[in-house]
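Since every read-out is calculated from the coordinates, none of them should be taken as a lab result. Remember, it's a predicted structure, so these values are computed and weren't measured experimentally. Glycine also receives a Cβ, built like all others from the backbone with ideal geometry; neighbour counts cover every protein chain displayed.
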């Protein structure tokens, strides 16, 4: 094992992060090679910086005219220069400040400086690299975003254990909220191995559900109890749709707040970014932040160096112009009003779908999973195949939906103009009922 990896492991020794590291995570380190030496040179090489493989003139990166013309708001350095492996420092600092503003209960010193990753999927994948070993187990909601299967089972060789977060549909249909008993049983069973790894994705994809304040407190109590029982707990907070909350009793802060300083044996990882929150999907800019009561600055630095080793060994660094475009959006005075307008648009679509679901609460085939936030709602399909319904809707009615296995059909109301929502859902309900006969 590389001596730098050994050095980082020694820093993390006797902490929850050190115990949770995967075999691959233990091997990761950030090399003191080209990137590290170039970072040092940027601070001290005032005569000439001959460390990085870019073509420059007068200290400014060369740029094609067509690229410059299509990025009029960015300087050449913002548009085409390499970003540091951990991300542009200003972007990282600005995002940490935004996390603290959106989550006022969070202590500034209790979390790491966020690291830029090329999209939230990459953040999840790097988390798996660091903390999930082959043969391990990761708990997630059932149903869950289908990419978890690729990230944790296919890439890392772990078991993705589904928990019926919303009750057992086969036993009478979805419940109205989180099934705390099912979550507790799954975590207690996993704790027998000495450690628990669980993903909380809220607002949830595909259900569109976020915990109430009472449920958030119950989840924190559950995790604290597991930790006090002696098991290490990795809580992955997939906050892709954070901020899109539509009901009064839904938590307004990330669950990360509840876990970041909960217990010395709990390590929380927050994966978020402007992709969904700020309607910049294709910019592929995400952030990964660590939080634990048992970690200090040196521990966070060691974890970040391991994470940057994972980034360096895969994509090298994230997209530079995307980070600066994000910064410009955060700094522009028009952004808050535009963001609120878009959020209200989503809220209005949600309200229309919620009303339609209520009007069809006795439907013989389709039962909605609880939903109160995000981009989606999903149906549990009773007695029919969700995939067959999806194909029927697409081929006969030109309506695109997503089938998750044979039981769940997901509808992204975020992408349906509000005036079309009643007709779309009327067709979905009718097609499902005809399919059942």
query: Taking a spot 7 Å from the Cα of residue 181 along the direction of its beta carbon, which residues of segment 199-238 have an amide N less than 18 Å from it?
result: 215, 218-219, 222
field: Approximate spin-label separation residue 13-residue 168, in nm, with each point projected 7 Å along Cα-to-Cβ
entry: 4.7 nm
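Grab the Cα-Cα distance for residue 4 and residue 42, subtract it from 0.36 nm times how many residues apart they are, and report the gain in nm with one decimal. Each step should come with its number before you reach the end.
Numbers: separation 38, 0.36 × 38 = 13.68 nm, distance 2.26 nm.
Here the answer is 11.4 nm.
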message: Calculate the FRET efficiency for residue 391 and residue 192 from the Cβ-Cβ distance with a Förster distance of 41 Å, rounded to the nearest 0.05.
response: 0.45
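Between residue 150 and residue 27, what is 0.36 nm times their sequence separation minus the Cα-Cα distance? Round to one decimal in nm. Each step should come with its number before you reach the end.
Values: separation 123, 0.36 × 123 = 44.28 nm, distance 2.21 nm.
Contour length minus the Cα-Cα distance gives 42.1 nm.
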field: At R0 = 30 Å, FRET efficiency that the Cβ-Cβ distance of residue 340 and residue 105 yields, to 0.05
entry: 0.85
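Can you tell me which of 193-206, 378-391, 2-15 comes out highest on packing, and rank the rest after it, using the mean Cβ neighbours within 10 Å? Mind dumping the intermediate values first?
Working: 193-206: 23.6, 378-391: 19.7, 2-15: 15.2.
Peptide ranking by packing, descending: 193-206, 378-391, 2-15.
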- prompt: Most mobile of 31, 422, 211 per a Gaussian network model of the chain (Cα springs, under 10 Å)?
  reply: 422
message: Suppose the chain between residue 60 and residue 218 were pulled fully straight at 0.36 nm per residue; how much longer would it get relative to their current alpha carbon spacing?
response: 51.5 nm
field: Per-pair calculated FRET efficiency, R0 = 56 Å: residue 247 and residue 69 via Cβ, rounded to 0.05
entry: 0.75
message: Using Cα springs under 10 Å in a Gaussian network model of the chain, which residue among 267, 178, 24 shows the largest mean-square fluctuation?
response: 24
message: 7 Å from Cα along Cα→Cβ at both residue 298 and residue 347: what's the point-to-point distance in nm?
response: 4.8 nm
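How much of the DSSP bridge set in the chain is antiparallel, in percent, rounded to the nearest 5?
Details: 24 of 43 bridges.
That works out to approximately 55 percent antiparallel.
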- request: Mind pulling the angle between the C-alpha long axis of helix 421-435 and the longest principal axis of the chain? Nearest 10 degrees, somewhere in 0 to 90.
  value: 60 degrees
- request: Just grab the label-to-label distance for residue 315 and residue 361, each label 7 Å out from Cα along the Cβ direction, in nm (one decimal).
  value: 4.4 nm
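So for the chain, Kirkwood radius off the Cα pairs, Stokes-Einstein at 25 °C and 0.890 mPa s: how many µm² s⁻¹? Show your work: numbers first, answer last.
Details: Rh = 23.2 Å.
The Stokes-Einstein estimate is 106 µm²/s.
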- request: Would you calculate the volume per residue, in Å³, of the smallest convex hull containing every Cα atom of segment 336-435?
  value: 90 Å³
